[in-house]
1. Every residue in the stretch 38-67 that is in contact with a helix residue (DSSP H, G or I) (Cβ under 8 Å, 6 or more places away or on another chain) and either under 17 Å from GLY138 (Cβ atoms) or part of a loop (DSSP other than H, G, I, E, B) (or both), please.
2. Please work out which residue is nearest to SER65 (Cα to Cα), limiting yourself to the stretch 10-37 and to residues that are more than 16 Å from the chain's Cα centre (by Cα) and assigned to a loop (DSSP other than H, G, I, E, B).
3. Is it fair to say LYS154 is basic (Lys, Arg) and assigned to a loop (DSSP other than H, G, I, E, B)?
4. Please go through the stretch 152-174 and pick out each residue that is among the small types (Gly, Ala, Ser) and at negative phi.
Amino acid sequence: MNALSAKQHTAFEPDATNGRLLRDAYGRFATGVTVITTLTDSGPVATTANSFSSVSMDPPLVLWSPDKNSRRFGHFASARTYAIHVLASDQEDLCWRIARDAYGLRSEDYHLDGDDIPVLTDCLARFDCEQHAVFEGGDHAIVVGRVKRASFAKDRQALGFFGGQIGTFAPKPD
C-alpha cells in the first residue's frame, strides 16, 4: 500500500490489500438510508441500502446497487417489482432490524399495495418501481427501476449514513 497522509487525507491506489481504506473513502460520502422491499414465495423480503440515486426525470428512473454476494441478492435480482423507501430520522430501529434479517418486517410495518408490493406504512419517501434494467457493477449489480408511483412527507428529517454510522440529516437554519 502506498499511502501518503497530509492534512488528514490518506491517498492510496485501491487494490486487494486495502479494501478497508477504500470502504472508508466511500464512507466519506453522506447518503440517506433506504429499505427496499419485494414479495417472494416465502413472503415479503427487505434489505437496507445507501446506494440509492435518482437517474432520470423522463422517464422517471432510479437506481440502487445490491451486493451480489448477499443472501438476499437473488430475491431482488429476479424481482419484477419492488418499493424503495427513504427512511426518516426516527426509523433507525427499523433500519437495523432489516439490515440483520431479510424477513424482519413485522405485520405492522407494511401492507401489500394493489400490485402486491410490500410497502412500509411509514417512511420519508417511497418509490414503487418496475425493474427497468440490471447492469454489472463488479461485486454489486446496478439495478435501475422505472418509478410507477412516488410519495413523500415534507415535515420530517432524513435518516443518514456517514462514515459507517447512522445519523440525522437536517437543513441548516436560515
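1. PRO66, ASP67, listed by residue number.
2. Looking at residues that are more than 16 Å from the chain's Cα centre (by Cα) and assigned to a loop (DSSP other than H, G, I, E, B), I get ARG28.
3. Against the criterion (basic (Lys, Arg) and assigned to a loop (DSSP other than H, G, I, E, B)), LYS154 qualifies.
4. Of everything in the stretch 152-174, those that are among the small types (Gly, Ala, Ser) and at negative phi turn out to be ALA153, ALA158, GLY160, GLY167, ALA170.
Every number here is computed from the coordinates shown, using simple stated rules; none is lab data. Worth saying up front: this structure is predicted, and the values here are computed from it rather than measured. Quick reminder, even Gly has a Cβ in these numbers, built from the backbone with ideal geometry, and neighbours come from all protein chains shown.
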